[in-house]
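Data first, discussion second: the structure below is written as structure tokens.
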Amino acid sequence: MHEQRRHLTIEGDSHEALGQSRGEQLRATLRSGYERYAELFRLLGISEETERAGAQQALAAIASWRPAIERELAAIATASGMTLLEIIALNARTEIIALGGSGSHECSTLTASVDGRNMGVQTWDWHCELEAFWHTQIVDGPGYRVAGLTEHGILSKIGVNEAGLALHFNILGHRDDGVGGVPVHVLSAVVLRECSTVAEAIALIQAAPIASSSAFTLIDETQMVSVEMSPVGVRVIEAVEGSVQRTNHFQDPSLCSGQKNELYEPGSSARLALIRERIGTKTLGSETDLIAVLATKPGEPELTCRPDMSLGYGERWATLATIVTDPERHSIRVFDGKPPEAPSGEWVELKA
């Protein structure tokens, strides 16, 4: 990892204590992270008024669904010197960004059985200007202990918990997406803290008030699936021949008709086709083999994303991290960089 990459150990016997711990540790940098997101919102045509209204809707959904999470977010705000709506806007950044309707390039995920263990790998692709504002974390409080990575002020993204459930994260786009449900980053935190198996996670997601689209790829010792979430329903994509492959378009036919194709196509389909072509010809006998599937060269579909620095903020996509989860060992390994650099790079391993 880069020397400056932060790691947070967030501990407390209550949600309020967890929020206070996170807010205190991020107090010096959280304001800057929020301001970069506010700048991105404006570039995408999302006014301050629209951002604030979206955050208020998200806050209402969180408060109704999991009041303790609202208290945790409020404690982050108090401890960091920020407003609650600013913290909510960070946690609902996916939903707020969707209001702008711009095209994007996002993550690629693959699961497989490696040496007899179910494992997952993904690239996390995001705006290179936000590279300074993510960190690894251990969250140890109410519910299961969680290890993973996330962005400053955001409760959760990719992770694994002490019960042996791993969660990978890909954004999708549906024409009915809005901000009136539980933000997907908050949903990720609740799944990892409350669920011990894929089956429990599916049940929780199906019962959650969802108003935006994403896919959680879920793995435990015996099962792996991708759960497609949208305002019009939740669908489960089962593993085929012991593998799940995920990019940024709906795979369930009933959800495809409402898809925002202009956001991720044709790139998402091209990336998925390349992953499937590779796993059809490779023996995935090690973690190194798994990572190699996502290593691409310039000119190939961008499983490894390199920013075009001739473009402006909002258009420069980069693979910020490469992540491997191992539910059986309750571990997550994070490389601060791209898959081609991973074999010789320095990884950080965290155990839940």
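Okay, here's what the table says:
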item: Leading residue by the ranking (nearest to the chain's Cα centre (by Cα)) among those in region 171-213 that are at pLDDT 95 or above and among the polar types (S, T, N, Q); result: S188
item: Residue count for region 27-69, restricted to those that are outside any helix (DSSP H, G or I) and under 17 Å from P183 (Cα atoms); result: 1
item: Residue, farthest from the chain's Cα centre (by Cα), within region 151-169, restricted to residues that are surrounded by 24 or more Cβ atoms within 10 Å (Cβ to Cβ) and assigned to a strand (DSSP E or B); result: N161
item: Looking only at region 247-280, and only at residues there that are among the acidic types (D, E) and assigned to a helix (DSSP H, G or I), the one that is farthest from W126 (Cα to Cα); result: E277
item: Pairs with Cβ under 9 Å, 6+ apart, first in region 251-263 and within 21 Å of T217 (Cβ to Cβ), second part of a helix (DSSP H, G or I); result: Q251/L272; K260/A98; L263/A98
item: Subset of region 209-224 [surrounded by fewer than 22 Cβ atoms within 10 Å (Cβ to Cβ) and β-branched (V, I, T)]; result: T222
item: Failed item, numbered, when T109 is tested on (1) outside any helix (DSSP H, G or I); (2) at pLDDT below 95; result: (2)
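Rundown of residues vs (1) surrounded by fewer than 22 Cβ atoms within 10 Å (Cβ to Cβ); (2) farther than 23 Å from V225 by Cα; (3) in contact with a Leu (Cβ under 7 Å, 6 or more places away or on another chain), yes/no style:
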site	(1), (2), (3)
S254	yes, no, no
E262	yes, yes, no
G280	yes, no, no
V293	no, no, yes
K297	yes, yes, no
Y313	yes, yes, yes
R316	yes, yes, no
K338	no, yes, no
G345	yes, yes, no
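The values are calculated or read from the model by the stated rules, or taken from the named source; none is laboratory data. From a predicted model like this one, the values you see are computed outputs, not experimental measurements. All Cβ positions, glycine included, derive from the backbone under ideal geometry; neighbour counts span all protein chains shown.
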